[in-house]
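Scroll down for the structure; my scribbles are underneath it.
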Amino acid sequence: MNPWLLAVLFVLALGALAALIRAVVRMLRAARLCDVPLRPRQRIEFPTAGKIVLCMEGPRFTPQFRKLRFELRQPGGAEIAGQRVLFRAVASGLSHARVTLRTYDLPMAGRYDLAISGLEPQHIDAPQHAVVFMRPHLARTILLVIGITLTSVLAISSLVFFLLIVLPTAAAIDPGRSTGYVQHYDTRIELREAYAHLHRGTSDDPPQPAELRIALSDREIPQESLAGTDTRRLLKLARTGGVHGVLIRLNPDDPGTIALTVLTPPRTGQATLITQRYSEAGRQILRNLRLSLQRVSGDLTCPPDPDLECAAHFSAPLFTD
């Protein structure tokens, strides 16, 4: 999957999430008709007729208003029948909460009398408490919460997959290490560093297969010297004495065939570096090869040869192009 498509998806999901949160805030502000203090009797004016919801608002977990009873009447008229809310909706913040208690169907706009029974004297005009009247908004709230949940999941998922694709080596960038040696003629090279690069191949005519390149060296080298369609940058570095070690090349789909190149300056009269190719014995030379998306490791043992000996263990982060 294209990582930049995931990045665009993440940005769009964040934008949608912000828009939904703003929609919730605007809806709650528009739904709020009025709020009044806690008093035994008071007159309230409603701008419109229709259904309204009575809510209690105050500090979270307060138990002192559970026994309150509410009556809503037209001035000098009969009581407006209220319905208890069976499934109460609770909106809570860090310190305050609002819970729906009853619903009323106002026959007309205008003034109404609100009576609260069970209110003790010390609770009258209690600070941080209020009776809030709101327009019904439960259905819209549920839809917006579902939308917020889905966009949050989408944003988190796209971010996680983007990081897994773009930064796969971040979790695996333990520096490459190798232990062992290469003996070339009478020169012994102690191996300390390990580098790995996977060239994915090309679709040229004829197509070039994928190639896994593993460099074991006595010193640090640029990672990019292994990248590209060939390894000429690394070989040039070896010809000038900029690195000593061994280069392993193989097709990851056919690990039984490998090529070993000794990374030392050519002897007098030699034009190129020494490269040995092994087809049938490749699996015996490169053992315990473990190749993942992030790392490659294994053991190298050269076959008996008077001019070349090697034995090494390596583990290196894997880069690709």
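The values are calculated or read from the model by the stated rules, or taken from the named source; none is laboratory data. None of these values were measured; they are calculated from a predicted model. All Cβ positions, glycine included, derive from the backbone under ideal geometry; neighbour counts span all protein chains shown.
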Item to complete: Kindly establish whether residue 132 is in contact (Cβ under 8 Å) with a residue 60 or more places away in the chain, in contact with a strand residue (DSSP E or B) (Cβ under 8 Å, 6 or more places away or on another chain) and outside any loop (DSSP other than H, G, I, E, B).
Response: yes
The residue that is nearest to residue 123 (Cα to Cα), considering only those in the range 51-99 that are free of Cβ contacts under 8 Å to residues at least 60 places away in the same chain, small (Gly, Ala, Ser) and not in a loop (DSSP other than H, G, I, E, B), is 97
Note on the range 186-224: residues more than 31 Å from the chain's Cα centre (by Cα) and assigned to a loop (DSSP other than H, G, I, E, B) are 186, 203, 204, 205, 206, 207, 209, 218, 219, 220, 221
**Asked** Scanning for something out of contact with any Gly (no Cβ under 9 Å at 6 or more places or on another chain), of a type in the set (A, V, I, L, M, F, W, C) and surrounded by 15 or more Cβ atoms within 10 Å (Cβ to Cβ), does the range 184-194 turn up at least one residue?
**Response** no
Checked pairs for the range 108-121, first assigned to a strand (DSSP E or B) and loosely packed, with under 12 Cβ neighbours inside 10 Å, second modelled with pLDDT of 90 or more and not β-branched (Val, Ile, Thr), C-beta under 9 Å and 6 or more apart or across chains, list as 111/43; 111/45; 111/46; 117/40; 117/69; 117/70; 117/71
In the same structural domain as residue 20 (by TED's automatic domain parsing) and closer than 30 Å to residue 21 by Cα: does that describe residue 68? no
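Looking at 317, 252 in this structure, which one is modelled with pLDDT of 90 or more and in contact with an Asp or Glu (Cβ under 9 Å, 6 or more places away or on another chain)?
The conditions single out 317.
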Of the residues that make up the range 47-67, is at least one surrounded by 16 or more Cβ atoms within 10 Å (Cβ to Cβ), of a type outside the set (Ser, Thr, Tyr), modelled with pLDDT of 90 or more and farther than 30 Å from residue 147 by Cβ?
no
Among residues of the range 244-273 being β-branched (Val, Ile, Thr) and over 17 Å from residue 308 (Cα atoms), the residue farthest from the chain's Cα centre (by Cα) is 268
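The rows are residues; the columns are (1) among the aromatic types (Phe, Trp, Tyr); (2) over 23 Å from residue 51 (Cα atoms).
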| residue | (1), (2) |
| --- | --- |
| 107 | no, no |
| 141 | no, no |
| 148 | no, yes |
| 158 | no, yes |
| 162 | yes, yes |
| 182 | no, yes |
- request: Check whether at least one residue in the range 9-28 is under 24 Å from residue 127 (Cα atoms) and in a strand (DSSP E or B), and report yes or no.
  value: no
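Among the residues of the range 279-317, which ones are basic (Lys, Arg), free of Cβ contacts under 8 Å to residues at least 60 places away in the same chain and surrounded by 13 or more Cβ atoms within 10 Å (Cβ to Cβ)? Outline the logic, then answer.
So the first thing to find is which residues in the range 279-317 are basic (Lys, Arg), and the list is 283, 287, 290, 295.
Keeping just the survivors that are free of Cβ contacts under 8 Å to residues at least 60 places away in the same chain gives 283, 287, 290.
If the condition is that a residue be basic (Lys, Arg), free of Cβ contacts under 8 Å to residues at least 60 places away in the same chain and surrounded by 13 or more Cβ atoms within 10 Å (Cβ to Cβ), then 283 is the only one that fits.
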